[in-house]
Amino acid sequence: GLLSFWTIGSALKLTCTGNDGHTYEMHMAKGEPGYTIKKRRVLLPSSGVELDVAPLLPGVRQLTGEKIQWYLASELRDRIRTCGVRIRVLDRHARKEFNVEPRQFTGRLLHQLPSVNCPMGDVYLELYLTNPAPEHKVSLCRSGTRVLDDIARLDRFNVAPWTTGHIEGIVDAPFIRLTPGTRDGIIQDDTADAVRRALEQVEQELIRLIQEQRNAEEQRASKEVLK
């Protein structure tokens, strides 16, 4: 959680107003897992939470507001859509303002896919059939937060249809377990096996749909050649 601020700066300051009307400030320092909380004197209590990380690491200064917008739009796409929160990024160096809009997929949304029956819980699918391209990938998410940008990075899913470039979208399994210290990976345990088994029928249907689209494209190309 908050310890990840070490990757961008040396110290963290978090300020918010408590239920008692007083303003509190939490301090954390890089390399120290502990924290301190103290009251802060202010004229008027403010709403919301103020997060300040400073000084920033040298490499982070190249991070622009536009890049932050792209990152949040992909990483937190479904959480933003579900809760309806509005995120605004103010880039004071570029003197620009960016509104984070959840990423939109192209292609045709696939509605009639086989049901995903998993004893661990529900698996949410939002998959689109589109023209093949290397950038078309299916993300693996956990409760609306992206874990892997490409599910094909997992050995079990490094096969068709996930590697064809015809499918993009998300697979959200809220019960998968993340690797300790990072969420860029999952633990290969019974929950991961349950997701793999639950998606077997979906994979077969996706392969069938991809083949249908390829056949239609070949017929269209043949007609154009004959014409």
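The values are calculated or read from the model by the stated rules, or taken from the named source; none is laboratory data. Model, not experiment: these values are computed from the prediction. Using ideal geometry, Cβ is built from the backbone for each residue, glycine included, and neighbour counts are taken over all protein chains shown. Side chains are part of the model used for accessible areas, which takes the heavy atoms of the whole protein and leaves out ligands, DNA and RNA. Shrake-Rupley method; radii C 1.70, N 1.55, O 1.52, S 1.80 Å.
Hey, does the stretch 207-222 have a residue that's under 19 Å from LEU110 (Cβ atoms), without any contact (Cβ under 8 Å) to a residue 60 or more places away in the chain and open to solvent by less than 20 Å² (accessible area, probe 1.4 Å)? No; the residues of the stretch 207-222 include none that is under 19 Å from LEU110 (Cβ atoms), without any contact (Cβ under 8 Å) to a residue 60 or more places away in the chain and open to solvent by less than 20 Å² (accessible area, probe 1.4 Å). Scanning the stretch 147-173 for residues that are acidic (Asp, Glu) and open to solvent by less than 10 Å² (accessible area, probe 1.4 Å) yields a total of 1. Only one entry of ILE68, ILE80 meets the criterion of being open to solvent by 50 Å² or more (accessible area, probe 1.4 Å), among the hydrophobic types (A, V, I, L, M, F, W, C), in contact (Cβ under 8 Å) with a residue 12 or more places away in the chain and in a helix (DSSP H, G or I), and that entry is ILE68.
For the stretch 139-162, which positions are touching a Pro at 6+ places or on another chain (Cβ under 9 Å) and not in a loop (DSSP other than H, G, I, E, B)? Within the stretch 139-162, CYS141, ARG142 qualify.
Right, ALA160: more than 20 Å from LEU110 (Cβ to Cβ) and not hydroxyl-bearing (Ser, Thr, Tyr) or not? Judged against the criteria, ALA160 is not a match. Against the conditions (1) without any contact (Cβ under 8 Å) to a residue 24 or more places away in the chain; (2) surrounded by 13 or more Cβ atoms within 10 Å (Cβ to Cβ), SER10 satisfies every one except (1). Applying the condition of being exposed (fewer than 11 other Cβ atoms within 10 Å of the Cβ) and out of contact with any strand residue (DSSP E or B) (no Cβ under 9 Å at 6 or more places or on another chain) to the stretch 28-60 and asking which residue is modelled with the highest pLDDT yields GLY31.
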